[in-house]
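A.B. asks: Shown below is the structure under consideration.
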Amino acid sequence: MTGDPLFADGFDWVVLAILVAKAVIGFTIVVVGVIFMIWFERKVVADMQNRIGPNRAGRWGLGQTLADGIKLIFKEDLKPDRADKPVFRLAPYLSVVPAFLTFTIVPIGGVFTGGNDGGVELFGRRTWMQVADPPVGVLFLLAMSSIAVYGIMLAGWSSGSKYPLLGSVRATAQMVSYEAALGLSVVAVVLLSGSLSTHDIVAAQAGSIFDWNVIATAAVPFVVFCVAATAELNRPPFDLVEAEQELVGGFHTEYSSIRFGMFYLAEFMNTITMSAIIVTLFLGGPAGPVLFGPPLIWGTLWFTLKLLVFLFIFVWLRATLPRYRYDQLMDLGWKRLIPLSLGWLLVIGAISIGRDAGWNRPLTLVGAFSLGVISWAALIGAMRVAKLRRGGDEFGELSTATERVG
Amino acid sequence: MAEFLRAYLTVAVFAGAAGLLVALLSTLGWAVRPSRPSRQKSIAYESGVDPAGTDFGQSQVRYYIFALLFVLFDVEAVYIFPWALRLEGYGVFGLVEMGVFIVILALGLVYAWRKGVLRWV
């Protein structure tokens with residue numbers, strides 16, 4: 001609970017230089033990562049769909065992203081005459097900047113085992129291997145994903161056109177719904193680590209694989225977080241925001257040239273940072289066995305490997321799953337994920353209190369779980385009874401729905 | 001400068017760099033791209049036919065209800081995060097207290113559910 005030792009004693013030019021160096025390195029990682037991520041996604045999706053994918057620009061098509069970027073810069077920029085011009089120009093900033101900022105709290109390496117605190121020496125100063133370590137790291141993550149909603153909302157609204165408007169209100173409702181589930185599933189991690197700082201969360205998972213939060217919280221918050229993160233990123237199967245068949249391009253229908261490129265960039269950047277956050281919060285970040293040589297390199301290597309696995313999974317989901325319907329999406333968020341993560345939070349709380357108080361462990365587990373099951377059954381039972389009282393059957397909802405619309 | 005704020009200095013530098021990148025790319029685009037405006041190009045896109053209706057459409061109330069519910073759960077998160085940090089200090093008392101709090105909030109969700117607000121029509 002100390003924060004970055006870089007700022008512990010005094011502030012001078014060396015500290016400032018390290019600070020700027022860290023920002024530049026982090027910035028480079030994100031930008032280079034995004035360039036490769038776009039190529040990676042297109043290549044992997046192409047393979048899964050039995051196509052070749054980009055193969056013209058550079059070796060294996062590696063220069064495809066740069067070629068696309070250059071093309072977009074040279075494209076004419078069109079603005080609808082009904083658009084709210086200042087807001088229309090502002091929206092890409094609101095989309096890209098939070099996407100970058102989320103990456104600041106990700107520890108990309110460091111040694112946390114054997115009495116080390118994950119610090120590295122740089123010009124004679126100790127610092128963490130992450131761009132910044134705010135004491136409220138997890139809240140910072142939630143705040144940034146909230147600001148990203150503004151980028152999408154304002155982009156759609158300021159276009160003065162129907163498809164973007166629909167896309168953006170959809171996006172807002174979706175992101176706001178899943179943010180609740182996202183936040184509530186992180187609480188279980190915070191509860192076990194006893195800190196909101198990402199550095200402390202990683203340090204708390206440093207021991208064996210059983211200390212990793214995905215196992216320590218029994219996987220449920222991890223699954224909820226992954227589903228909510230996919231929805232938060234507007235990635236398939238939750239990409240209703242840009243459902244091509246219904247909304248053309250969604251919120252960025254009216255955007256062209258490099259302004260559109262910004263949204264594209266932000267989308268892939270968010271995928272990378274969200275995968276990094278999942279690895280940090282649930283999979284121990286840089287934790288992993290040191291096989292030979294300096295442990296510092298292995299930390300970063302393990303982190304990169306775990307990150308790549310998640311990036312691949314996100315691409316895999318896109319290639320295999322069909323899109324959700326909007327009512328299914330909302331049902332999943334509000335009726336499944338939120339009650340589940342709330343209940344699980346209490347179970348985890350009971351178990352951790354029980355461990356501290358020295359209660360009988362199996363008894364605590366069984367008690368907590370049966371309480372959870374009973375309340376779930378009560379909830380479902382109450383809904384069932386209420387539905388029967390209304391005289392509706394499985395299709396009763398549908399008929400009232402059509403009446404309402406009509 | 002307090003140590004608390006210094007941790008955010010890097011964040012500020014990073015935000016500045018990100019903003020600069022967007023500004024730089026936008027300026028570059030503005031400098032090199034062609035501009036041949038025409039009436040047709042600035043019409044809002046509606047699948048190729050002439051746009052109908054007024055500029056800013058109205059969206060349905062159902063989106064707004066989810067925003068209201070979100071406020072409920074976000075405020076809840078404000079209370080849950082500090083509790084999760086200090087749970088060991090509070091012990092059983094804290095657990096029971098939060099249990100009561102969560103049950104009351106869950107009742108709110110059940111009420112919304114029962115009222116059919118969560119039903120997408």
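A.B. asks: I need the helices (runs of 4 or more DSSP H) fully contained in the stretch A:260-357, keeping only those with at least 1 residues that are among the acidic types (D, E) and either touching a Gly at 6+ places or on another chain (Cβ under 8 Å) or within 14 Å of chain B (Cβ to nearest Cβ) (or both).
C.D. replies: It comes to A:326-331, A:338-357.
A.B. asks: May I ask you to list the residues in the stretch A:220-233 that are in contact (Cβ under 8 Å) with a residue 60 or more places away in the chain and within 21 Å of B:A84 (Cα to Cα)?
C.D. replies: A:V220, A:P221, A:F222, A:V224, A:A228
A.B. asks: Given (1) farther than 25 Å from A:L182 by Cα; (2) buried (at least 16 other Cβ atoms within 10 Å of the Cβ), identify the lone condition not met by B:L105.
C.D. replies: Going through the list (1) farther than 25 Å from A:L182 by Cα; (2) buried (at least 16 other Cβ atoms within 10 Å of the Cβ), B:L105 breaks only (1).
A.B. asks: Restricting to the stretch B:106-121, and then to whatever is at the interface with chain A (Cβ under 7 Å from one of its Cβ atoms) and β-branched (V, I, T), can you tell me which residue is nearest to B:A77 (Cα to Cα)?
C.D. replies: B:V110
A.B. asks: Spot the failing condition for B:Y63; the list is (1) over 30 Å from A:I351 (Cα atoms); (2) more than 7 Å from every other protein chain (Cβ to nearest Cβ); (3) aromatic (F, W, Y), and only one is missed.
C.D. replies: Failing condition for B:Y63: (2).
A.B. asks: Next question, about the same structure. Taking the residues in the stretch A:65-84 that are in a helix (DSSP H, G or I) and among the charged types (D, E, K, R) as candidates, determine which candidate is farthest from the other protein chains (Cβ to nearest Cβ).
C.D. replies: Looking at residues that are in a helix (DSSP H, G or I) and among the charged types (D, E, K, R), I get A:D68.
A.B. asks: Any residue that is modelled with pLDDT under 80 and not in a loop (DSSP other than H, G, I, E, B) - is there at least one of those in the stretch B:52-61?
C.D. replies: Within the stretch B:52-61, one or more residues are modelled with pLDDT under 80 and not in a loop (DSSP other than H, G, I, E, B).
A.B. asks: If you check every pair at least six apart or on different chains, which have Cβ atoms under 6 Å apart with a residue in the stretch B:4-16 that is within 10 Å of A:A23 (Cβ to Cβ) first and a residue that is among the hydroxyl-bearing types (S, T, Y) and surrounded by 18 or more Cβ atoms within 10 Å (Cβ to Cβ) second?
C.D. replies: Once the first residue is within 10 Å of A:A23 (Cβ to Cβ) and sits in the stretch B:4-16, its partners that are among the hydroxyl-bearing types (S, T, Y) and surrounded by 18 or more Cβ atoms within 10 Å (Cβ to Cβ) give B:V11/A:T104; B:F14/A:T104.
A.B. asks: Looking at (1) modelled with pLDDT under 80; (2) loosely packed, with under 13 Cβ neighbours inside 10 Å; (3) out of contact with any Lys or Arg (no Cβ under 8 Å at 6 or more places or on another chain); (4) in a loop (DSSP other than H, G, I, E, B), can you tell me which one B:Y45 breaks?
C.D. replies: Looking at each condition in turn, B:Y45 falls short on (2).
A.B. asks: Now a separate question. Here are the criteria: (1) aliphatic (A, V, I, L, M); (2) modelled with pLDDT of 85 or more; (3) closer than 19 Å to A:P236 by Cβ. Tell me which single one A:L142 does not satisfy.
C.D. replies: (3)
A.B. asks: Oh, and also: What number of residues within the stretch B:1-35 are closer than 26 Å to A:T253 by Cβ and either more than 7 Å from chain A (Cβ to nearest Cβ) or buried (at least 17 other Cβ atoms within 10 Å of the Cβ) (or both)?
C.D. replies: The number of residues fulfilling the criteria is 11.
A.B. asks: Working carefully through the options A:L346, A:L340, find the one that is surrounded by fewer than 21 Cβ atoms within 10 Å (Cβ to Cβ) and closer than 13 Å to A:L191 by Cα.
C.D. replies: The unique qualifying residue is A:L346.
A.B. asks: Could I ask something else about it? A:S352 passes all but one of (1) touching a Ser or Thr at 6+ places or on another chain (Cβ under 9 Å); (2) in contact (Cβ under 8 Å) with a residue 24 or more places away in the chain; which number fails?
C.D. replies: With respect to (1) touching a Ser or Thr at 6+ places or on another chain (Cβ under 9 Å); (2) in contact (Cβ under 8 Å) with a residue 24 or more places away in the chain, A:S352 is out only on (1).
A.B. asks: Still on this model: Quick one: which of B:E76, B:E88 is more than 7 Å from chain A (Cβ to nearest Cβ), under 30 Å from A:G354 (Cα atoms) and of a type outside the set (K, R)?
C.D. replies: On the way: B:E88 fails: more than 7 Å from chain A (Cβ to nearest Cβ).
Step by step, each of B:E76, B:E88 is checked, and only B:E76 is more than 7 Å from chain A (Cβ to nearest Cβ), under 30 Å from A:G354 (Cα atoms) and of a type outside the set (K, R).
A.B. asks: For A:I25, are the conditions met, namely being over 23 Å from A:S146 (Cβ atoms) and within 13 Å of chain B (Cβ to nearest Cβ)?
C.D. replies: Yes: the conditions hold for A:I25.
A.B. asks: Among (1) part of a loop (DSSP other than H, G, I, E, B); (2) surrounded by 20 or more Cβ atoms within 10 Å (Cβ to Cβ); (3) modelled with pLDDT of 85 or more, where does A:S95 come up short?
C.D. replies: For A:S95, the exception is condition (1).
A.B. asks: Of all residues being among the aliphatic types (A, V, I, L, M) and farther than 15 Å from A:W157 by Cα in the stretch A:85-102, which is farthest from the other protein chains (Cβ to nearest Cβ)? Just the residue, please.
C.D. replies: The residue in question is A:A99.
A.B. asks: Can you find a residue in the stretch A:137-148 that is out of contact with any Gly (no Cβ under 6 Å at 6 or more places or on another chain), aromatic (F, W, Y) and in contact (Cβ under 8 Å) with a residue 60 or more places away in the chain?
C.D. replies: No, that holds for no residue.
A.B. asks: Sticking with this structure for a sec: Which ranges mark the helices (runs of 4 or more DSSP H) fully within the stretch A:160-219 that have 3 or more residues being touching a Gly at 6+ places or on another chain (Cβ under 7 Å) and assigned by TED's automatic domain parsing to the domain that holds A:R82?
C.D. replies: The helices (runs of 4 or more DSSP H) meeting that bar are A:162-193, A:198-204.
A.B. asks: Continuing with the same structure: Are any of the residues in the stretch A:198-207 β-branched (V, I, T), within 14 Å of chain B (Cβ to nearest Cβ) and buried (at least 24 other Cβ atoms within 10 Å of the Cβ)?
C.D. replies: Yes, the stretch A:198-207 contains a residue that is β-branched (V, I, T), within 14 Å of chain B (Cβ to nearest Cβ) and buried (at least 24 other Cβ atoms within 10 Å of the Cβ).
A.B. asks: I would also like to ask the following. Among the residues of the stretch A:171-219 satisfying the criterion of being β-branched (V, I, T) and without any contact (Cβ under 8 Å) to a residue 24 or more places away in the chain, which is nearest to A:L346 (Cα to Cα)?
C.D. replies: Filtering first and then ranking leaves A:I215.
The values are calculated or read from the model by the stated rules, or taken from the named source; none is laboratory data. Computed from a prediction, not measured in an experiment: that's the story for all the values here. Methodologically, a virtual Cβ is constructed for each residue, glycine included, from the backbone with ideal geometry; neighbour enumeration extends over all protein chains shown.
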